[in-house]
Amino acid sequence: MSLKLKLGDVSHDVTLKSLRPGLVVNLNGVDHRLEEQTPTGSDRAIAVDGRDVAYVQARDGNVVHMHLHGRIWRVEFVDPRDAARAEAAGSDEIRAPMPGAVISVEKNPGDSVIRGETVLTIESMKLQTNLGAPRDGILASVNKSVGDTFEKDEVVAVMEPEDA
């Protein structure tokens, strides 16, 4: 699985290489082994290629703010499937990229939304994902509520047609 990681204004390519026996990711063409360490208080630590790195994080949707090495970093995970769905011409449907459950509903039918604005947040395999509006417009329906489950490619919300 590949995705983009934005660190500040700089975009990086990240590919999940393996989960077992340990997590290996490829970052901009270089493989790194990651191992989560036991957290102490609010501090967390991860071993990157055998070297412990301590950090503190706060999550806001698909954006993580990290305090690392005396600096605050804004890290955003961009799933290319979300970008491709948002750019799909003529599609007014917001579909689930994988099976899971609704964690929060951010918008209601009749609400005005801008392209990419979060409509629902879902969780699948312990991964939270924001599902955004495919274009600017009005939300016609939200087909799921908090706690509802869904299957892959199920329509979870629909935009009003552009000519409405």
Only one of (1) more than 22 Å from I72 (Cβ to Cβ); (2) out of contact with any Ser or Thr (no Cβ under 6 Å at 6 or more places or on another chain); (3) in contact (Cβ under 8 Å) with a residue 12 or more places away in the chain; (4) surrounded by 14 or more Cβ atoms within 10 Å (Cβ to Cβ) does not apply to D13, and that is (4)
Would you mind telling me which numbered condition in (1) in a strand (DSSP E or B); (2) at pLDDT below 90 V119 fails?
(2)
Out of the residues in region 1-10 meeting the condition of being open to solvent by 40 Å² or more (accessible area, probe 1.4 Å) and not in a strand (DSSP E or B), tell me which one is modelled with the lowest pLDDT.
M1
Subset of region 102-116 that is part of a strand (DSSP E or B), over 14 Å from the mean Cα position of the chain (by Cα) and among the aliphatic types (A, V, I, L, M) - its residue that is modelled with the highest pLDDT:
V105
For M98, work out the one condition from (1) at pLDDT below 90; (2) open to solvent by 40 Å² or more (accessible area, probe 1.4 Å) it doesn't fulfil.
(2)
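Let's see how each residue does on (1) open to solvent by 50 Å² or more (accessible area, probe 1.4 Å); (2) more than 29 Å from A157 (Cα to Cα); (3) at pLDDT 85 or above:
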| position | (1), (2), (3) |
| --- | --- |
| L23 | yes, yes, yes |
| N28 | yes, yes, yes |
| D31 | yes, yes, yes |
| P39 | yes, yes, no |
| D60 | yes, no, no |
| G70 | yes, yes, yes |
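Yes/no per residue for (1) surrounded by fewer than 14 Cβ atoms within 10 Å (Cβ to Cβ); (2) on the phi < 0 side of the Ramachandran plot; (3) aliphatic (A, V, I, L, M); (4) free of Cβ contacts under 8 Å to residues at least 60 places away in the same chain:
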residue	(1), (2), (3), (4)
T118	no, yes, no, yes
T121	no, yes, no, no
N130	no, yes, no, no
L139	no, yes, yes, yes
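The values are calculated or read from the model by the stated rules, or taken from the named source; none is laboratory data. Bear in mind that the values here come from a model prediction, so they are computed numbers and not experimental data. Heads up, the Cβs are rebuilt from the backbone with ideal geometry, glycines too, and the neighbour counts pull from every protein chain shown. Ligands, DNA and RNA are stripped out before the accessible areas are found, and what is left, the full protein with its side chains, is counted by its heavy atoms. Shrake-Rupley method; radii C 1.70, N 1.55, O 1.52, S 1.80 Å.
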